Amino acid sequence: MAILPTIHGPDDVKRLSLQECGELATELRQTIIDTVSRQGGHLASNLGDVELTIALHRAFSSPKDKLVFDVGHQIYAHKLLTGRQERFATLRSYQGMSGFPCRAESEHDLFDTGHSSTAISMALGLARARDLKGEDHHVVAIVGDGALTGGMCYEAMNDAGSGKSRLIVILNDNEMSISRNVGALPEYFKHLRASASWYGGKKRIKHRLQSIPVVGKPLAGLVEKAKNMVKSVVTEGELFEALGFRYLGPFDGHNIDEMTRVFEEAKQLSDTPLLIHVITRKGNGYELAERQPEKFHGVAPFRVENGMKRRQASGPSAAQIAGKALTDMGAKDPRVVAITAAMAGGTGLSGFEKQYPERFFDVGIAEQHAVSMAAGLARDGMKPYFAVYSTFLQRAYDQIIHDVCLQNLPVTIMSDHVALVGDDGKTHHGVLSVPMLLSIPNLTLLAPRDTQTLEDGLHATLALEGPCVVQYPKDGIAPYAQDMRGEALSIGRWQTLREGGDCTILAYGRMVKHAMEAAKLLEESDGLQIGVVDCWSLRPMDMNCLQALFENKARIITIEEGERIGGFGSEIARLCVEHGAGMPLAILGLPNRFIAHGSVDQLLEECGLSSEQLAARIKQTLSEK
């Protein structure tokens, strides 16, 4: 009889025998593989922590005890064990279950998370709130070794270690973040992992000594003390203990019995914060993911038998196009260097890394450091390019302002996954990019409409002497409107793709294509002549084009796949006021709320930004005005 269907919550996990827990782990792993193969999602990391999650729920009592999962790449087993089996088949689908922790889904999810290195800080807050209220429960942060390359973890541990709040941090060490871990810290973890053999040998020796009549137990005790003295010098977590944490480990994260006993013992230690180091294998139980954990970190729907995608991409992603362009630029200019924050493959930089390893820097999950290091490179004559998802660039906002733009240094940020990204949902949508960046002095902000203009835009940045952000969506958009006449693509100049007397649409990025399609629909159905201008240079704007529109009393509608408050449309309205021009007829964009997950087309439809909806909204606006 299958065990997983009988699990309706953590209490059901506690009643299982050890053998049943092993069978449950097998069922969990198969359910995760089957579901992700259909829905897509984060696979290798979720397969790696199945036994660890079972042990957590055997030892702790969620939701009374607080379990805080960092990032959320390892949340699937937790979801399945906390009453969400029936909805698990809807994982990452529109109006279905989120692929990350989600407070709206369950009381067992404490935060909506999708960014790295935050769990210890949030857990410390929960622990201090518990202490202030005089309550008695455990607070546990589950953090990956990749997350520990983020400085925020050390800020939190330094703070926690200076106090006496009971806090348990579980370091899930699988030697991976998204890309292979880099830097000095992974080498330190290798040193700690090597000590795992110490524990096995120590147990065997202790068992043999204790079997000796009369003197066995005292002798075993003496050897234990001697070994612990040596171990404290060569293998223990000196780094963590220097931060005020008691260190235990490393332990086998796939041994449910051992993990349960360790957690039970940890609950009795209340004098200092505690770090438990467990070793797991990313992709465990699915051979293809074990062999290629980076490839199977985040996957589209695939065939379980061979790992091949069920649907092949229609063309290269925007990141792949941008990465190839940067590699070509590196061949022409030896000053070009590339930087990634643990996502070389995801941001298209693998080719540059292979071609120019000495000019490639993977800094780990440390976006703040990446931006400031780029400032240092630029200050001494290099041309640094930092490729990063828009949602993660938010983490380095101060460094963009203070270390790059205030100094007016030629750092270029390649901001990927801008606008709606689809299945990863609200923690990953890059919809705040323009409001976040548009007001920063000295910054050039470019938003190419397709892969050709993306390449052209990146090449144009070589001539810039100041900071620049080039932003683009997740999916590559095939070139269109290439037979146009008029303005050449250049920074500070817009391109008129379509003339029209009834109104003029100002748009940028992916919305230019939707604007073109909406204009065509209106011409075919109603005979309306709608102009479309590609405003790809968001800063500096093309004031000559705008002034001409103002003088001609053009009726303007702005469209953007981003937040309207403080966005492009808001800036156009401000310029209209300054120049005494008529206000835009409409500022169309995303609503001011956090948007859930689903396909990009579904989300555009939900937000009224599909081509057909835009045509209807423009027609209604023109009739009203």
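Summary of computed values
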read-out	value
Helix-derived mean residue ellipticity, 222 nm - over the chain, DSSP H n ≥ 4, -39500 (n - 2.57), to 500	-12000 deg cm²/dmol
Tyr154, Tyr389, Tyr286, Tyr472 arranged by Cβ crowding within 10 Å, fewest neighbours leading	Tyr154, Tyr286, Tyr389, Tyr472
Efficiency of FRET from Cβ geometry, Asn442 and Glu624, R₀ 30 Å, rounded to 0.05	0.15
Debye-sum result for the range 470-625 in log10 I(q)/I(0), which assumes one identical scatterer on each alpha carbon, at q = 0.11, 0.17, 0.18 Å⁻¹	-0.40, -1.03, -1.17
Lys/Arg +1, Asp/Glu -1 at C-beta; the chain dipole; positive extreme among Ala616, Tyr472, Ala515	Tyr472
Tilt relative to the chain, helix 18-39 - C-alpha long axis, 0 to 90 degrees, to 10	10 degrees
For the range 319-387, projected area of the alpha-carbon convex hull averaged over all directions, nm²	3.9 nm²
Two-decimal ratio, the range 257-360, of alpha-carbon radius of gyration to 2.2 N^0.38 Å	1.62
Amide H partners (placed H, <5 Å) of Glu560, local residues excluded	Leu588, Gly589
Viscosity 0.890 mPa s, 25 °C: Kirkwood-radius Stokes-Einstein D of the range 69-159 over Cα pairs, µm²/s	173 µm²/s
Hydrodynamic radius (Kirkwood) for the range 320-471, which is based on Cα pairs only, to one decimal in Å	15.0 Å
Likely footprinting exposure, Trp494, Trp536, fewest C-beta neighbours within 10 Å first	Trp494, Trp536
Simple label model, 7 Å out from Cα along Cβ direction - Asp136 to Phe594, nm	3.4 nm
Where a label projected 7 Å from the Cα of Gln547 along Cα→Cβ would reach, residues of the range 495-511 with amide N under 14 Å	none
Ranked list, fewest to most other Cβ atoms within 10 Å of each Cβ, for Thr53, Thr149	Thr149, Thr53
The range 423-546: radius of gyration over Cα atoms, expressed as a fraction of 2.2 N^0.38 Å	1.10
Rg followed by Dmax, in Å, when the chain is reduced to its Cα trace	27.4, 104
Between helix 511-526 and the chain: long-axis angle, C-alpha atoms, 0 to 90°, nearest 10	50 degrees
Cut-off 13 Å between beta-carbons: net charge of the residues surrounding Val139, Lys and Arg +1, Asp and Glu -1	+3
Which of Thr427, Phe88, Phe251, positive extreme of dipole for the chain (C-beta unit charges)	Phe251
Degrees, to the nearest 10: 611-624 long Cα axis against longest axis of the chain	50 degrees
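Values in this text are rule-based calculations from the coordinates and carry no lab data. None of the values given here were measured: they were computed from a predicted structure. We place every Cβ from the backbone using ideal geometry, glycine too, and count neighbours over all the protein chains shown.
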